[in-house]
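This report refers to the structure that appears directly beneath it.
Read-outs: derived from the displayed coordinates by stated rules, not from any lab. If you're wondering where the values come from, they're calculated on a predicted model, not measured in any experiment. Quick reminder, even Gly has a Cβ in these numbers, built from the backbone with ideal geometry, and neighbours come from all protein chains shown.
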């Protein structure tokens with residue numbers, strides 16, 4: 001079972017303007033016996049299996065797929081792959097946009113400490129409640145979700161303590177329009193048709209922003225997180241491109257530019273192959289406008305904090 005102390009539970013509030021929150025007392029040191037030069041606890045055989053840059057991820061019973069609960073929850077298996085690749089047991093993982101808590105559950109399963117942050121109280125409450133559910137994996141680690149603006153993450157953690165940042169942030173204003181469900185088969189389009197499945201109307205919410213403002217906000221947030229990372233710690237962001245008014249908005253490029261501008265180095269681009277999750281699609285764009293189904297894949301962008309920081313102005 002997850003162990004959350006009362007002092008940490010008190011941190012589940014947005015910091016006030018008159019006082020800053022106390023730094024979290026959460027472990028971040030390795031508890032394994034791996035050589036210091038290793039970046040994870042994987043064997044060579046396990047490593048080889050993960051070198052393929054096309055991933056399939058699967059949803060399980062614990063995953064939340066109800067869009068009335070959260071419009072875009074990713075499966076536990078996605079952050080689990082990243083945690084296995086880029087951390088050791090006992091190290092600290094953070095998720096700046098924790099949502100339903102998939103990253104925290106993956107960390108709990110794999111014996112990593114983790115902190116997730118979210119603007120929305122309902123997601124923080126949901127994430128922390130999921131962490132209290134019975135688990136088959138005994139662990140001395142801690143995981144917690146905190147309600148706060150992602151800009152304020154540096155107020156909670158000490159520099160040089162984070163081994164991995166992994167998240168799927170809101171994709172600019174993708175959800176801020178009425179759903180038309182064009183990629184779905186006609187008899188399935190009624191579900192949520194005409195609804196706006198937005199995270200919130202909070203102007204600080206990345207999901208309400210136009211793409212240029214979104215990119216600037218990402219640069220500010222991840223620029224603040226960078227000093228928290230250990231040297232060569234990885235930062236993984238799962239995003240998808242958008243189609244708006246028959247134009248492709250290349251969100252993954254905006255994300256890359258934003259993070260490189262504040263000192264991160266892009267290491268790998270991985271494709272999340274979602275074809276195993278897509279069923280009963282409709283005819284999209286036929287017969288005159290060929291547009292690929294963006295629901296069939298997403299980008300997993302892997303950055304790290306270089307040993308020598310070079311900031312682009």
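Segment residue 140..residue 291, full-extension length gain: 49.5 nm, with 0.36 nm per residue of separation and the alpha-carbon distance subtracted. Each part gets one Cα centre, and for region 241-291 versus region 92-133 those centres are 25 Å apart. Based on the alpha-carbon gyration tensor of region 86-133 and its eigenvalue square roots a ≥ b ≥ c, which shape applies: rounded if a/c is under 1.5, prolate if not and a/b is larger than b/c, or oblate? It comes out oblate by the Cα gyration axes.
Can you classify region 216-313 as rounded, prolate or oblate using the Cα gyration tensor, where a ≥ b ≥ c are the square roots of its eigenvalues, rounded means a/c under 1.5, and otherwise it's prolate if a/b beats b/c and oblate if not? It comes out prolate by the Cα gyration axes.
If you stretched the chain out fully between residue 31 and residue 61, how much longer would it get, using 0.36 nm times the residue separation minus the C-alpha to C-alpha distance? Result: 7.8 nm gained on full extension.
Inter-label distance, residue 151 to residue 50: 3.5 nm, where each label sits 7 Å from its Cα along the C-beta direction.
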